[in-house]
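The values are calculated or read from the model by the stated rules, or taken from the named source; none is laboratory data. Please read all numbers here as calculations on a predicted model, not as lab measurements. Glycine gets a Cβ as well: all are built from the backbone with ideal geometry, and neighbour counts include every protein chain shown.
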Amino acid sequence: MLDEQTKNDLLYLSMATNRSMSSLVREFVVEKVKIEKKKAARAKRVSTSGVEILLKMAESAERLSKKYPSKGPSDLSINHDHYLYGAPKRKI
């Protein structure tokens with residue numbers, strides 16, 4: 001049930017816009033549901049932990065590496081300075 005003030009306001013809007021009260025209520029409910037759905041989705045994104053984000057990033061990287069296989073150097077992690085800056089290679 002609506003309180004008297006809200007009911008009177010709705011009646012006023014109905015008369016001012018020449019629309020039924022029920023169509024106004026349906027429109028307002030649809031708008032409010034969209035807003036609350038966005039808030040819930042935003043809250044879910046915020047509550048995602050750092051570990052979950054890292055796992056998703058690792059899964060994405062794995063999918064990309066399968067789709068676009070890399071033929072880079074096998075010693076990149078050891079000799080990254082050589083490949084980036086031209087420093088002498090380290091021996092493994």
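Values as computed for the structure displayed
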{"quantity": "Met15 not in a helix (DSSP H, G or I) and not polar (S, T, N, Q)", "calculated": "no"}
{"quantity": "Evaluation of Val25 against (1) more than 30 Å from Leu11 (Cβ to Cβ); (2) in a helix (DSSP H, G or I); (3) in contact (Cβ under 8 Å) with a residue 12 or more places away in the chain (one fails), failing number", "calculated": "(1)"}
{"quantity": "Where a residue in segment 78-91 is without any contact (Cβ under 8 Å) to a residue 12 or more places away in the chain and its partner, wherever it lies, is aliphatic (A, V, I, L, M), with Cβ under 7 Å and at least six apart", "calculated": "Asp81/Ala87; Tyr83/Leu76"}
{"quantity": "Any chance Arg42 is surrounded by 10 or more Cβ atoms within 10 Å (Cβ to Cβ) and at pLDDT 85 or above", "calculated": "no"}
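Quick grid of which residues meet (1) modelled with pLDDT of 90 or more; (2) touching a Leu at 6+ places or on another chain (Cβ under 8 Å); (3) not in a helix (DSSP H, G or I):
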{"site": "Glu52", "(1), (2), (3)": "no, no, no"}
{"site": "Met57", "(1), (2), (3)": "yes, no, no"}
{"site": "Ser60", "(1), (2), (3)": "yes, no, no"}
{"site": "Ser70", "(1), (2), (3)": "no, no, yes"}
{"site": "Ser77", "(1), (2), (3)": "no, no, yes"}
{"site": "Tyr83", "(1), (2), (3)": "no, yes, no"}
